[in-house]
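**Q** Dumping the structure here so I can ask a few things about it.
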Amino acid sequence: MRDLNSGRTLQSLAATTFNAAWFARCSRWLAGRRGGFQALLWAAALNLILFGVFLSWATPVYETNDDLMMQSIASGFYTGHPDAHLVFTNILMGWTLQFLYATWAGCNWYFSYLIAVHYAALTAIAFLVVSRRGGWWFALLYIGFFLVVEMRILLHLQFTTTAFLAGTAGLLLLVDGLRPGHPAHWTKVIAGIALASLMCLIREPIALLFGVVAGPFFLERLGPAEWRRLLGTGLAFVGIFLLLHGINRWAYQRDRAWAEFSEYNRMRGEIHITPLAKFIPQAAPEVGWSENDGWMFSKFYFSEQEVYAGELKMHLLLDKLRFLARTEPAPSWTFSAKFLFLPLIFIRDASTLMMLAILNASWCVLAAGAFRRRCLVALLISYGLFAMLSFYLLTTARLPERVAYNYPLLINAICLYWATGFPNLNVHSIRTRCLNALFAPSCRAKVLRLVALSLFYVWAALYLFSLSKLAQSLWSANASNRNLEHISHKILGPVRTLMPDRRLPVLIAMPFDSVLEQSIFFWPSAEKPPFYLVPYGWITHSPLFNQILGRHHLQPYSLSLVDRPDVFFMMETRWIGPLRIFYREHYGLDIRFDMVLNTNAMPQFEDCKLHLYQAHIVDYKTPIGKAP
């Protein structure tokens with residue numbers, strides 16, 4: 001009897017413990033709707049878990065060498081002391097990073113600040129999800145947003161996408177804090193403005209792009225009736241943008257050298273990797289360049305001041321290129337129908353995410369109910385703006401993947417926000433409506449059912465295909481990043497053998513984004529590598545670049561690289577011919593490049609792909625174009 005009663009007691013306890021009511025209470029506690037500080041704490045905790053799991057599994061790196069170069073400037077890798085002139089990021093952010101690196105050089109503050117901005121922006125979005133709706137369904141929707149949208153830009157960190165993400169989170173906080181018919185929620189408004197300001201600090205031009213593409217959603221949320229709030233928010237944003245722009249401009253214009261470089265770099269940026277670049281061979285004689293000089297410039301090597309430096313020279317080149325572009329318009333500048341389907345225009349992951357954004361938007365419009373027309377109009381206008389901006393950027397400048405990726409990021413974020421406000425969006429109502437539609441007896445309903453099922457299967461197939469493409473891309477990229485991290489631990493071995501004494505070699509990096517340069521990301525900030533690096537690209541002719549040359553006694557630049565035992569060219573073989581022509585044309589020197597290190601012939605270092613050369617004078621000749 002006692003055993004029987006004991007068994008019934010255990011059954012009763014189990015029924016009490018695991019019944020539906022207990023599970024519902026746990027669900028509400030874990031993923032229920034919250035407000036205020038509780039919602040913020042829940043969002044912060046959820047993102048702490050997601051970021052922790054991601055960073056423990058993945059190996060993020062910078063998408064482009066721009067971030068690596070700005071990290072090297074801020075940390076003092078090039079010059080030996082931290083500097084605030086990051087060029088593409090506001091001077092206020094540069095001063096902050098400079099202070100942090102000077103205080104404690106052992107931390108990679110540049111990487112940490114990008115991760116912190118991502119965490120803050122995602123926490124703001126998660127906060128809105130749980131405070132507006134809550135529940136497991138929307139918690140899973142947010143996790144899906146993180147996996148589909150955020151993982152890629154965390155794996156390929158880049159300051160442009162980081163700025164856009166901060167602006168997106170700020171936009172959502174602003175529209176939620178200024179909801180029509182409700183008193184302004186000033187905490188959300190201030191937080192939104194702070195994130196929008198952070199966007200301006202990180203990448204100023206992105207703020208202008210964001211202001212255009214976010215307009216339709218902002219108008220849809222507030223509406224013309226709330227014109228005072230619209231006007232006030234717009235004026236506040238414009239005022240903050242102008243203030244930050246003014247501070248940054250003042251910081252660069254107060255120093256004549258930085259002012260001249262800023263203008264030089266602005267004009268150079270209008271040429272490289274744009275439709276104008278194809279006319280460089282024709283425009284080169286206008287500034288006294290040979291065909292070889294123009295080719296080297298187009299490949300981002302323009303370090304010799306005597307040949308390439310000068311604001312006036314760059315102005316003449318840009319004017320000539322624009323004239324040639326007007327007289328010989330590129331055939332691709334005509335609008336075509338493919339611009340109406342952006343996945344065909346975008347490349348790689350941006351194309352895949354744009355496809356997922358279109359599929360998510362179609363689901364969002366279907367589930368919008370009474371808000372369907374508003375959502376559809378806002379999405380169509382936004383998509384039209386994306387198409388026009390893509391066409392404009394492709395034909396007048398360039399549309400890199402890091403910029404294209406921002407469009408679907410915004411669409412997915414907007415759809416997630418909208419979904420939290422749909423009154424009838426829950427699992428039970430969706431299941432009920434689907435079952436009613438499937439088993440409706442009328443003939444018309446059967447036809448509609450057949451069409452709906454067909455569309456659903458197409459939608460599901462496209463969605464699964466796009467998800468698999470994105471997952472495969474991320475898996476492959478992460479494997480490549482891990483391999484790079486593995487190489488970074490051993491690549492310094494061959495470099496240490498270059499100099500027999502205690503002197504450090506000076507490596508002249510030629511444009512090709514070498515494995516050694518990429519490996520810098522993984523090295524501790526406080527450790528000094530066994531070499532000095534002279535960079536290439538947009539930092540050329542800046543006061544920082546001149547400091548680097550002065551530090552290593554590389555003036556005059558090109559001549560100082562010849563017959564020096566501590567100077568090594570880090571380059572591919574394709575650069576040997578153009579460099580020999582360059583020395584022959586400008587200095588009358590016949591130069592021989594001797595390979596001193598080739599890791600391809602070293603089995604244990606074969607994957608380092610490190611090729612180092614030294615330049616030696618073979619013979620003196622008359623420079624081309626000069627009288628003997």
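**Q** Which residues does the label zone of residue 225 cover in region 173-207, counting backbone N under 14 Å from a point 7 Å along Cα→Cβ?
**A** Once the point is set 7 Å along Cα→Cβ of residue 225, 179-183 turn out to lie under 14 Å by backbone N, inside region 173-207.
**Q** At a 1.4 Å probe radius, carbon and sulfur cover how many percent of the accessible area of region 484-628?
**A** 54 percent
**Q** Provide the solvent-accessible area of residue 286, counting protein heavy atoms only and rolling a 1.4 Å probe, rounded to the nearest 10 Å².
**A** Approximately 100 Å² of residue 286 is accessible to the 1.4 Å probe.
**Q** Are any of the pairs 469/609; 299/469; 338/469; 299/528; 299/490 more than 24 Å apart by Cα-Cα distance, and if so, which?
**A** Long pairs (Cα-Cα over 24 Å): 469/609; 299/469; 299/528; 299/490.
**Q** Here's another thing I want to ask about it. Quick one: order 620, 392 from most to least accessible surface, probe 1.4 Å.
**A** The residues order as 620, 392, largest area first.
**Q** Same structure again: If amide hydrogens are placed 1.01 Å from N in the peptide plane, which non-local residues have theirs closer than 5 Å to the one on residue 597?
**A** 612
**Q** While we're here: Sorted from largest down, give the three principal axis spans of the alpha carbons of the chain, whole angstrom values.
**A** Computed over the Cα atoms, the extents are 109, 70, 48 Å.
**Q** At 1.4 Å probe size, with no ligands or nucleic acids counted, give the accessible surface of residue 351 in Å², nearest ten.
**A** Counting only protein heavy atoms, the figure is 20 Å².
**Q** Let me ask you something else. At a 1.4 Å probe radius, carbon and sulfur cover how many percent of the accessible area of region 274-397?
**A** C and S fraction of accessible area: 66 percent.
**Q** In sequence order, what are the phi-derived ³J(HN,Hα) couplings for region 141-154 according to the Karplus relation 6.51 cos²θ - 1.76 cosθ + 1.60 with θ = phi - 60°, rounded to whole Hz, with x for glycine and proline?
**A** 4, 5, 4, x, 4, 4, 5, 7, 9, 7, 4, 5, 7, 7
**Q** Give me a comma-separated list of calculated 3J(HN,Hα) values for region 217-223, in order, Karplus coefficients 6.51, -1.76, 1.60 applied at θ = phi - 60°, integers in Hz, x for any Gly or Pro.
**A** Values, residue by residue: 5, 4, 5, 4, 6, 8, x Hz.
**Q** When a/c reaches 1.5 or more, the comparison of a/b and b/c decides; with that in mind, is region 218-277 rounded, prolate or oblate per its Cα gyration tensor?
**A** Since a/c reaches 1.5 but b/c is at least a/b, the shape of region 218-277 is classed as oblate.
**Q** Same structure, new question: Largest first, what is the accessible-area ranking of 176, 501 with a 1.4 Å probe?
**A** Reading off the accessible areas and sorting them downward yields 501, 176.
**Q** Taking all protein chains in place and a 1.4 Å probe, what share, in percent, of the accessible surface of region 79-147 do carbon and sulfur account for?
**A** 77 percent
**Q** Decide, for region 538-628, between rounded, prolate and oblate: order the square roots of the alpha carbon gyration tensor eigenvalues as a ≥ b ≥ c, take rounded if a/c falls under 1.5, and otherwise choose prolate if a/b is larger than b/c, else oblate.
**A** oblate
**Q** Report the accessible area of residue 278, computed with a 1.4 Å probe over the heavy atoms of all protein chains in place, in Å² rounded to the nearest 10.
**A** 120 Å²
**Q** Could I have the simple spin-label model distance between residue 282 and residue 270, label points 7 Å from Cα toward Cβ, reported in nm to one decimal?
**A** 1.8 nm
**Q** So how do 371, 593 rank on accessible area, 1.4 Å probe, biggest first, that is with the largest at the start?
**A** Ranked list, largest accessible area first: 371, 593.
**Q** Rounded, prolate or oblate: which fits region 171-236, taking a ≥ b ≥ c as square roots of the Cα gyration tensor eigenvalues, rounded meaning a/c under 1.5, else prolate when a/b beats b/c?
**A** oblate
**Q** For the chain, what is the accessible area per residue in Å² when the probe is 1.4 Å?
**A** In whole numbers, the chain has 48 Å² accessible per residue.
The values are calculated or read from the model by the stated rules, or taken from the named source; none is laboratory data. What you see is a predicted model, and the numbers here were worked out from it, not measured in a lab. A quick note on method: Cβ atoms are made from the backbone with ideal geometry, for glycine too, and the neighbour counts reach across all protein chains shown. Only protein heavy atoms, including side chains, enter the accessible area calculation; ligands, DNA and RNA are left aside. Shrake-Rupley method; radii C 1.70, N 1.55, O 1.52, S 1.80 Å.
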